[in-house]
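K.L.:
This is the structure I have questions about; it appears just below.
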There are 2 protein chains.
Amino acid sequence: MYSNFTVDCVILGFHEGELKVLLAERNEYPFKDWWALPGFFVDNDEEMEDAVKRILYENTGLKDVFMDQLHSFAGLKRHPKGRILTVAYYALVQLDNTKLKTKPVTNYMKQAKWFPVRNVPELAFDHKQILDLCLERLQRRLAYKPIAFELLPEKFTLTQLQLVYEGILNKTLDKRNFRKKMQNYGFLKELDEVQTGVAYRAARLYKLDKRKFLKHFQNTVAF
Amino acid sequence: MYSNFTVDCVILGFHEGELKVLLAERNEYPFKDWWALPGFFVDNDEEMEDAVKRILYENTGLKDVFMDQLHSFAGLKRHPKGRILTVAYYALVQLDNTKLKTKPVTNYMKQAKWFPVRNVPELAFDHKQILDLCLERLQRRLAYKPIAFELLPEKFTLTQLQLVYEGILNKTLDKRNFRKKMQNYGFLKELDEVQTGVAYRAARLYKLDKRKFLKHFQNTVAF
DNA sequence: TCAAAAGTGTTAACTTTACACCCATGG
DNA sequence: CCATGGGTGTAAAGTTAACACTTTTGA
């Protein structure tokens with residue numbers, strides 16, 4: 001039994017040097033055949049976060065991902081059938097090649113597909129607005145939440161980390177300054193391992209020390 | 001005709017060197033006689049922001065105040081009668097002595113009263129959680145939204161401004177450093193006026209140049 | 001041996017922090 | 001003339017920004 005409100009998910013991954021968002025092609029009116037953020041009604045006896053997890057699983061096959069609430073939208077005209085309140089979330093997944101193939105298992109959508117966040121097709125409802133808000137928030141939260149790390153595998157190189165920062169901030173950064181700053185924070189653990197399978201000099205791998213990260217940023221506000 | 005969701009408002013003002021929140025004493029079950037954030041069901045044909053404005057007006061007699069959405073709460077157990085989704089907002093008002101007297105005009109509450117934000121009575125529902133989240137958000141947003149200025153009259157002294165910053169950040173700041181920094185930003189207009197009615201040297205008055213403020217902070221993110 | 005990306009240091013500009021006294025005013 | 005808060009500068013420490021070349025590796 002469905003409640004009267006929905007959740008919509010901005011599911012983000014990082015692939016080929018780009019930030020990507022998972023969109024679903026709708027198979028239902030209104031906006032049939034349009035691309036939209038994955039979302040659906042929350043069940044009556046279901047916690048909102050569990051609905052987000054369910055939608056995430058239905059669309060990507062993934063569980064246990066980082067998520068955070070974004071904003072709620074309840075405009076009287078946002079849905080042609082009358083006001084439907086939606087609570088927007090974002091979720092960050094570790095996209096590798098094995099996870100690129102999506103397999104939507106519901107019948108209210110035809111397919112799901114990853115798009116570069118700054119090059120999406122026209123979206124249903126107010127979903128473009130939701131996506132834009134999400135990107136703006138990520139830029140701010142990047143400074144005090146482990147957002148970049150949730151988009152990367154457990155072990156990563158500094159170049160990969162820099163590319164994620166650049167993708168979210170939508171600008172290029174200086175390599176030396178970036179590495180110096182990251183290493184000075186003290187929450188990166190340098191591993192005794194290097195990349196494998198590359199045709200050039202293999203880069204050192206690092207891990208996030210989440211305890212130190214959170215400690216570092218828990219009280220970071222202006223002044 | 002009411003919709004099935006509510007808005008709850010963290011209404012904040014600044015008075016006597018302290019950040020204060022307006023609380024309402026409930027006159028209805030559940031939580032009859034408890035203090036709570038002002039809030040109510042949104043009407044079916046009413047925009048959510050208009051509901052917030054309505055509640056604000058009912059509780060304070062004020063219109064045209066700064067407000068912003070905070071977060072939505074939809075826990076299955078947050079309301080004893082079953083899940084009721086609420087969208088929490090905060091609103092910032094310019095509290096002067098003429099506005100301190102509150103006059104709730106609804107019958108679902110007995111009275112409204114201003115409390116220091118860090119010394120509130122036990123609150124109904126999950127309202128303490130909402131208030132705490134609000135204070136945390138304000139600390140972050142203070143750095144890039146004109147929050148402090150919305151709590152002050154149009155013309156204010158630098159000491160008043162510093163007190164607001166201190167109230168929100170919940171710590172004391174160095175007077176010289178604060179003034180230097182604020183004046184360097186360049187968004188304060190120094191007026192040719194000074195305070196009146198004080199028994200000591202009158203302080204210079206300033207105004208916010210909102211255009212310059214927004215320009216200054218529109219692109220402020222880490223790196 | 002070449003192509004590709006890894007890795008590395010210094011300097012100048014700017015920002016932040018710490019700190020204490022004299023001044024102007026009204027009562 | 002005194003109590004109260006208004007107003008002001010400097011130096012040291014820390015952070016950010018700009019900038020280019022050598023090294024390692026696998027194919």
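K.L.:
Report yes if B:PRO38 is away from chain A (no Cβ under 12 Å), surrounded by fewer than 16 Cβ atoms within 10 Å (Cβ to Cβ) and of a type outside the set (Ser, Thr, Tyr), otherwise no.
P.N.:
It is false that B:PRO38 is away from chain A (no Cβ under 12 Å), surrounded by fewer than 16 Cβ atoms within 10 Å (Cβ to Cβ) and of a type outside the set (Ser, Thr, Tyr).
K.L.:
Which of the residues spanning the stretch B:190-218 are within 22 Å of the chain's Cα centre (by Cα) and more than 15 Å from DNA strand C (Cβ to nearest atom)?
P.N.:
Selection gives B:TYR206, B:LYS207, B:LEU208, B:ASP209, B:LYS210, B:ARG211, B:PHE213, B:LEU214, B:GLN218.
K.L.:
Can you tell me how many residues in the stretch A:180-196 are near DNA strand D (Cβ under 8 Å from one of its atoms) and either in contact with a helix residue (DSSP H, G or I) (Cβ under 6 Å, 6 or more places away or on another chain) or within 14 Å of chain B (Cβ to nearest Cβ) (or both)?
P.N.:
3
K.L.:
If you don't mind, another one. Against the condition in contact with a helix residue (DSSP H, G or I) (Cβ under 9 Å, 6 or more places away or on another chain), part of a strand (DSSP E or B) and either touching a residue at least 60 places away in the same chain (Cβ under 8 Å) or among the basic types (Lys, Arg) (or both), how does B:THR102 come out, does it pass?
P.N.:
No; evaluated as a whole, the condition is false for this residue.
K.L.:
If you don't mind, there's one more thing I want to ask. Report, ordered by the first and then the second residue, all pairs with beta carbons closer than 8 Å, sequence separation of six or more or different chains, a first member in the stretch B:154-171 that is among the acidic types (Asp, Glu), and a second member that is within 13 Å of DNA strand C (Cβ to nearest atom).
P.N.:
Hits for this filter: B:GLU166/B:THR172; B:GLU166/B:LEU173.
K.L.:
Is there a residue being within 14 Å of chain A (Cβ to nearest Cβ), over 19 Å from B:ALA24 (Cα atoms) and open to solvent by less than 40 Å² (accessible area, probe 1.4 Å) anywhere in the stretch B:87-97?
P.N.:
no
K.L.:
Kindly indicate the residue of the stretch A:69-86 that is at the interface with chain B (Cβ under 10 Å from one of its Cβ atoms) and charged (D, E, K, R) and also most open to solvent (accessible area, probe 1.4 Å) among those meeting that condition.
P.N.:
Ranking the qualifying residues of the stretch A:69-86, first place goes to A:LYS77.
K.L.:
Something else: Show the residue pairs that are 6+ apart or on different chains and have beta-carbon atoms under 6 Å apart, the first residue being within the stretch B:138-153 and not assigned by TED's automatic domain parsing to the domain that holds B:GLU16, the second being assigned to a helix (DSSP H, G or I) and of a type in the set (D, E, K, R).
P.N.:
B:ILE147/B:ARG141
K.L.:
In contact with a Phe, Trp or Tyr (Cβ under 6 Å, 6 or more places away or on another chain), surrounded by 18 or more Cβ atoms within 10 Å (Cβ to Cβ) and polar (S, T, N, Q): is that true of A:THR60 in this structure?
P.N.:
no
K.L.:
Please verify whether A:LYS53 is farther than 30 Å from B:GLU46 by Cα and at pLDDT 95 or above, treating the condition exactly as stated.
P.N.:
Taking the combined requirement at face value, the residue satisfies it.
K.L.:
Continuing with the same structure: Exactly one condition in (1) within 18 Å of the chain's Cα centre (by Cα); (2) more than 14 Å from chain A (Cβ to nearest Cβ); (3) within 16 Å of DNA strand D (Cβ to nearest atom) is false for B:GLU154; which is it?
P.N.:
The one condition B:GLU154 does not meet is (3).
K.L.:
If you don't mind, another one. Can you tell me which residue within the stretch B:1-27, out of those that are part of a strand (DSSP E or B) and open to solvent by 20 Å² or more (accessible area, probe 1.4 Å), is nearest to the other protein chains (Cβ to nearest Cβ)? Walk me through how you get there before you give the answer.
P.N.:
Pass one, the stretch B:1-27, residues part of a strand (DSSP E or B): B:2-15, B:18-26.
Retained after the next criterion (residues that are open to solvent by 20 Å² or more (accessible area, probe 1.4 Å)): B:2, B:4, B:14-15, B:18, B:20, B:25-26.
On the way: B:TYR2: 12, B:ASN4: 5, B:PHE14: 17, B:HIS15: 22, B:GLU18: 18, B:LYS20: 21, B:GLU25: 27, B:ARG26: 24 Å.
In this case the residue turns out to be B:ASN4.
K.L.:
Taking interchain pairs and intrachain pairs at least six residues apart, which have beta carbon atoms under 8 angstrom, with the first residue in the stretch A:179-207 and over 22 Å from A:LEU142 (Cβ atoms) and the second more than 11 Å from DNA strand C (Cβ to nearest atom) and among the small types (Gly, Ala, Ser)?
P.N.:
none
K.L.:
Between B:ASN170, B:ASN177, B:ASN119, B:ASN219, which is within 12 Å of DNA strand D (Cβ to nearest atom) and either modelled with pLDDT of 95 or more or away from chain A (no Cβ under 12 Å) (or both)?
P.N.:
On the way: B:ASN170 fails: within 12 Å of DNA strand D (Cβ to nearest atom); B:ASN119 fails: within 12 Å of DNA strand D (Cβ to nearest atom); B:ASN219 fails: either modelled with pLDDT of 95 or more or away from chain A (no Cβ under 12 Å) (or both).
Criteria check complete, one pass: B:ASN177.
The values are calculated or read from the model by the stated rules, or taken from the named source; none is laboratory data. Keep in mind the model is a prediction, meaning the values are calculated, not measured. Here Cβ is always computed from backbone atoms with ideal geometry, including for glycine, and neighbour counts include all displayed protein chains. Keep in mind that these areas ignore ligands, DNA and RNA; they rest on the heavy atoms of the full protein, side chains included. Shrake-Rupley method; radii C 1.70, N 1.55, O 1.52, S 1.80 Å.
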